[in-house]
Each structure stands twice: as structure tokens, then as C-alpha cells.
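The values are calculated or read from the model by the stated rules, or taken from the named source; none is laboratory data. What you see is a predicted model, and the numbers here were worked out from it, not measured in a lab. Counting neighbours? That spans all protein chains shown, and the Cβs are built from the backbone with ideal geometry, glycine included. Heads up: the accessible areas ignore ligands, DNA and RNA and are worked out on the full protein's heavy atoms, side chains in. Shrake-Rupley method; radii C 1.70, N 1.55, O 1.52, S 1.80 Å.
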Amino acid sequence: MSITQSEVLFDKAQRLMPGGVNSPVRAFKAVGKHPFFVERAQGPWLYDVDGNKYLDYVCSWGPNILGHAHPRVIEAVQRACERGLTFGASTPWEIELAELIQSCVPDIEMVRLVSSGTEAVMSAVRVARGFTGREKIIKFEGNYHGHSDGLLMKAGSGLMTQSVPDSAGVPATYAQTTLTAIYNDIESVRSLMEENRGQIAAIVVEPVAANMGVVPPKEGFLEFLRHITQKQGALLIFDEVITGFRLALGGATEYTGVHADLHTFGKIVGGGMPLAAYGGRKDVMSCVAPLGTVYQAGTLSGNPVSVAAGIETIKILMEDSKIYERIDARASQLAKAFCKKGLTVNRAGSLLSAFFTSGWNEKGGFPHPIENYADACGCDREAFADYFGRMLASGIYVAPSQFEALFVSDAHSDDLIHKTCDVIDSIV
């Protein structure tokens, strides 16, 4: 069998980069394959260097809600590039994007633009500690909040894929201030809050978990987090790096009806470019320098090219009120196709995961529900790897990990969804 161009590139990349990649899940290690290398993308399609065409349900891990290379977004980026790539100074477009975010998300009174989701969550946690004067935070098993030191405890996403429960290089003192609860388990949160009364600065949570596969919150779970943080003087942080502008124009708050003190955004807020944001209550955000004593800075924060992409993307989402109806309905069709094959399927809006569970659950039902980290860890990863390979061979690209989400974009037409359902029926 002849060697592909992607194999040649991966061999070279492994000599230059750790594992041959710049982000672990791209290595395809969890599914026992070598990665393909993308040459270009358009609409719902990826094209690799070997001339293969894939229907893309990864969507750059979420931001391409409009599909790849949307003409209006590309034009906005090109105009921004003509003005200059970066200035290290303020621009009027930062204000425009901040106004758009504020107009869409009811909890946002002030916002700060940064460059990545990791930076956004790290900064929001620092603000919470500065505002409350407390050091400890609570996070949840299987929730991934980026790779900052204090949050790599029982994290999801790539750490689950690589079977790494924590990360080497994180000082033990960091771990001591990060307490871990069980997602969707109210009593585990209540216990930690009581044992550490007056010491918790914030609870940080993915309002819909999407890094141990998609795991929606159980009824009353987010409402309890809101109640107990208010009762004990802690802040509630919604990590919406994935859910922001994806579940709804107003993100998780519009989708669930639960309000948070701080929100973090990534992915869509930059229209596919490197951009993220954090924001929330004015009194809390006023702690950030230069107004307050919580320091956070970045030369590329509010980069004008990324901001242009974000502005245009959000404008399109605001102009077409039916986008969310379309992508949610199409995701629902995919979920039904997986359910027909006996898989456990979790869906929230246009996010979904098909879990390869095994055996009957304790209540005698099938398939086994996935409600937390332990449930997700019990899935059959070998079965998933086989499914991934069959989908890829059929020209459909899904995330190369059982613990990532499948994303539907507005570029996925009804016809393409139907064809995908036919493939699922034939290979699963």
C-alpha cells in the first residue's frame, strides 16, 4: 500500500512537535490511527492533502456554527487584515464586539477580551478569588476548563482521551485549592461547601458538560449551584467556551434559565479565530486592572482580525433567528439515528454524543445513561474507535475521541443529515 501525504507529514511532524501535534486529541491516538492533514475547508466539508473530502462534524471543535469559510466572515477578516494585523492598542471594533456580547447575554455587564478559552477561565477564577478574598474553588469531574495549573484536576476532554487523570508539572499546592465534585450530584457539592464554609471563592462549571462527551445538567442541578453560591457568598462561573452562542444566542443562561456571576466564552465569539472573553457583574469585573487589583493583560487581547470575525459571526446569528431551530432539529435527527442502533445518546441543542455503553444498567434498562464522569469512563472505547474508523472511511469526520462532542453547523443541509443517518444505520 502506498504511503499517503498525510503519513509523510505526520512522520515529519513527530520529529518537530511532541506527538506530532499542537493539541493532543489531533494525534488520533485514542482511535489507533494516524491523523489526516487538512488542506482547506468550505461549508460542511474538509479537504485533506491527499484529496479526500470529509463531511465535518467537528467544526473546529465548535466555532464554525455557520460552516467553514462563510463568505461574510472571510470578507470581514480580509478587510481587517488590510488595516493591519495587530496594534497593541485599543480599537473601536473591540467596543463593538463587547456591545454585541452584552446585548445577547443577559448577565454580561462588563467584558474583557482575551486570546483563548484557557486564558478566559483562568482569568475568571482569579477575578473570583480577588473579589471574594477566598482561595478555594470547586470544579467537577470530567469538566475541562483549559490547561491552566489550578484546573487540571479530574479534567475531561484530551486528558480523558489520553487516560491522564491529572497533569505532571502541576504543583501540589495548586491542587489543594481546587476541590472536585461530581457533576449532576447535588450532595457532593453540598458536602464540599459545608466542609469548606467561608473558604470557597467560586464554583466553576460547564453548564452543559461537553468534554466527557455531552452531558446535560439534570433538572435542578444548576439551580442548586446558583442557590448555594449566593447563600454562602461564592461566585458561580459558567464556562461557556463551548456552549456560548452555540446552545442559543444568549448561551446557557437563555437555554437553561439559570444566571451566573461570571461567564467565559471562546470558539464562536471569535468566529473561528483565536479569541475568547470573560465577563459578568459590573461590581465583580471592576476588580480587574486597571480599575482594580486583579491583574490580567495580553498584547493580542482584542486582536482586530479575530474581533472582526467574531463581530460578523454574531451579527449573522442575530439576523437569522431560525439558525438555532435548524441546527437543533438536524442534531435531533442524528440523535434518533444513533438511538435506533441502541446507543446512549445525549444531546443539548446542536451538541450531541453517542456513547458506546455496554451491559444493562442497575435499573435493568438499556442503554446505560451517561450522567457524570464515572458513567462516561465506563464506555467501550474500542467500539468507539471501530465506529470512528468506519465513519472516516465513509467520508464522515467525527471527533477522534469518545469524550468529545459532535457539532452540527448551519452548513449541514437536510440532505447531508439524511445521508449521515443512512451511514450510521449501515455501519453502527
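A few points about this structure:
- When each of Lys341/Lys419; Lys33/Lys340; Lys267/Lys419; Lys139/Lys315; Lys315/Lys336; Lys33/Lys419 is checked by Cα-Cα distance, pairs over 23 Å: Lys33/Lys340; Lys267/Lys419; Lys139/Lys315; Lys315/Lys336; Lys33/Lys419
- Relative contact order (%) - criterion: Cα under 8 Å, at least six apart; region: the chain: 22 percent
- Residue order for His227, His68 - accessible surface, 1.4 angstrom probe, largest first: His227, His68
- Against the rule of thumb 2.2 N^0.38 Å, how large the Cα Rg of segment 43-108 comes out: 1.49
- Rounded accessible area of Arg347 (nearest 10 Å², 1.4 Å probe): 90 Å²
- Neighbourhood net charge (10 Å Cβ-Cβ; Lys/Arg +1, Asp/Glu -1) for Arg129: +2
- Net charge over other residues, Cβ less than 13 angstrom from the Cβ of Tyr278 (K, R count +1; D, E count -1): -3
- Computed over protein heavy atoms with a 1.4 Å probe, the accessible surface of the chain works out to 42 Å² per residue.
- Percent carbon-and-sulfur accessible area, segment 302-348, ignoring ligands, DNA and RNA, probe 1.4 Å: 48 percent
- Considering only alpha-carbon pairs that sit under 8 angstrom and 6 or more positions apart, the relative contact order computed for segment 1-78 is 21 percent.
- Cα→Cβ-extended label distance, 7 Å offset, between Ile74 and Asp50, nm: 2.6 nm
- Mean separation of Cα contacts under 8 Å, 6 or more apart, over the residue count of segment 280-428: relative contact order %: 20 percent
- Among beta bridges from DSSP that stay inside the chain, the antiparallel ones total about 60%.
- For Glu206, the residues whose modelled amide H falls within less than 5 Å of its own, excluding neighbours fewer than 5 places apart on the same chain, are Asp239.
- Trp45 - accessible surface, heavy atoms, 1.4 Å probe, Å² rounded to 10: 60 Å²
- Cα extents for the chain along the principal axes, largest to smallest and rounded to whole angstrom: 61, 61, 46.
- For the chain, with +1 on Lys and Arg beta carbons and -1 on Asp and Glu, the positive-most of Gly395, Gly342, Ala376 along the dipole: Ala376
- The orientation-averaged projection of the convex hull spanning the C-alpha atoms of segment 206-317 amounts to 8.1 square nanometres.
- When shorter helices are ignored and each DSSP H run of at least 4 residues is given -39500 (n - 2.57), the per-residue value for the chain at 222 nm works out to -11500 deg cm²/dmol.
- With 5 Å bins beginning at zero, the pair-distance distribution over Cα atoms of segment 369-414 amounts to 5, 19, 22, 23, 16, 11, 5, 0 %.
- Proximal lysines relative to Lys136, as straight alpha-carbon distance under 21 Å, when same-chain residues fewer than 8 apart are discounted: Lys154, Lys231
- Just checking the listed ones, Glu39, Glu141, Glu240: in the Gaussian network model of the chain with Cα springs under 10 Å, the one fluctuating most is Glu39.
- Sequence of Tyr324, Tyr144 from largest to smallest accessible area, 1.4 Å probe: Tyr144, Tyr324
- Size of segment 27-137 from its Cα atoms: along the principal axes, largest to smallest, the extents are 54, 39, 28 Å.
- The listed residues His263, His70 rank as His70, His263 when sorted by accessible area, largest first, using a 1.4 Å probe.
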